[in-house]
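The values are calculated or read from the model by the stated rules, or taken from the named source; none is laboratory data. Predicted, not measured: the structure shown is a model, and the values here were computed from it. Reconstructed Cβ throughout: ideal geometry from the backbone, glycine too, with neighbour counts over all protein chains shown. For the accessible areas, the whole protein counts, side chains as well, though only heavy atoms, and no ligand, DNA or RNA atoms are used. Shrake-Rupley method; radii C 1.70, N 1.55, O 1.52, S 1.80 Å.
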Amino acid sequence: QVQLVESGGGLVQAGGSLRLSCAASGRTISGYTMGWFRQAPGKERELVSSITRFGSGAYYTDSVKGRFTISRDNVKNTVYLQMNSLKPEDTAIYYCALGPRATTKGTYEVESWGQGTQVTVSS
């Protein structure tokens, strides 16, 4: 059973930066695409970014392109999300996900979720 533990969230002013980390244990992540999702109050959980197994490809939702960078270290079994130029609308709980895959219904299925880390951006 894999465990994903996120860290690095917090309170930051608009324009600031945070780096989220997701440390996995119990299973190597090298065989999986990894993703970061977020859920703001009253909104559905959305995929923010994902990275292929060896980091050769990445996806970003339009609202974070050019500001966020996803990376991974398969030796450390850890995935990162560098968030720069943060905006108040980035405020959400951020979740790490193992093996996200899109469904025909437009949703995502994942192998496992982390517990989430709160990111709050003040204006």
_So if I restrict to the alpha-carbon atoms in the chain, what is the Rg, and what is Dmax, the biggest pairwise distance, in Å?_
13.5, 40
_Choice from Ser17, Ser85, Ser56 with maximal GNM fluctuation in the chain (Cα, 10 Å cutoff)_ = Ser56
*asked:* Which of Ala58, Ala102, Ala24 ends up with the largest GNM mean-square fluctuation for the chain, with Cα atoms connected below 10 Å?
replied: Ala102
*Which FRET efficiency value, to the nearest 0.05, do you get for Ser17 and Gln39 by plugging their Cβ-Cβ distance into 1/(1 + (r/R0)^6) with R0 = 22 Å?*
0.55
*Report the extension gain between Gln3 and Glu111 in nm, rounded to one decimal, defined as 0.36 nm multiplied by the number of residues separating them, less their alpha carbon distance.*
37.8 nm
*Keeping all protein chains in place, calculate the accessible area per residue for the chain (probe 1.4 angstrom), answer in Å².*
53
*Would you kindly find the accessible area of Arg67, with a 1.4 Å probe and non-protein molecules such as ligands, DNA and RNA excluded, rounding to the nearest 10 Å²?*
30
*asked:* If I histogram all Cα-Cα distances within the stretch 10-59 using bins 5 Å wide from 0, what percent of pairs lands in each bin?
replied: 4, 15, 18, 24, 20, 12, 6, 1
*³J(HN,Hα) across the stretch 57-67 via Karplus (A = 6.51, B = -1.76, C = 1.60, θ = phi - 60°), whole Hz, x for Gly/Pro?*
x, 9, 10, 9, 5, 3, 5, 10, 4, x, 10
*Rank Leu18, Leu47, Leu98 by mean-square fluctuation in a GNM of the chain with C-alpha springs under 10 angstrom and give only the top-ranked residue.*
Leu18
*Using a simple charge model, +1 on the beta-carbon of Lys and Arg, -1 on the beta-carbon of Asp and Glu, nothing else, what dipole does the chain show about its Cα centre, in debye to the nearest 20?*
180
*Amide H neighbours of Gly16 under 5 Å, at least 5 residues apart or on other chains, H built in the peptide plane: list them.*
Leu86
*If you line up the Cα atoms of the stretch 75-123 on their principal axes, what length do they span on each, largest first, in Å?*
37, 33, 18
*Sorting Asp62, Asp90 by accessible area (1.4 Å probe), largest first, what list results?*
Asp62, Asp90
*Dividing the convex hull volume of the Cα atoms of the stretch 44-112 by its residue count, what figure in Å³ per residue is obtained?*
108
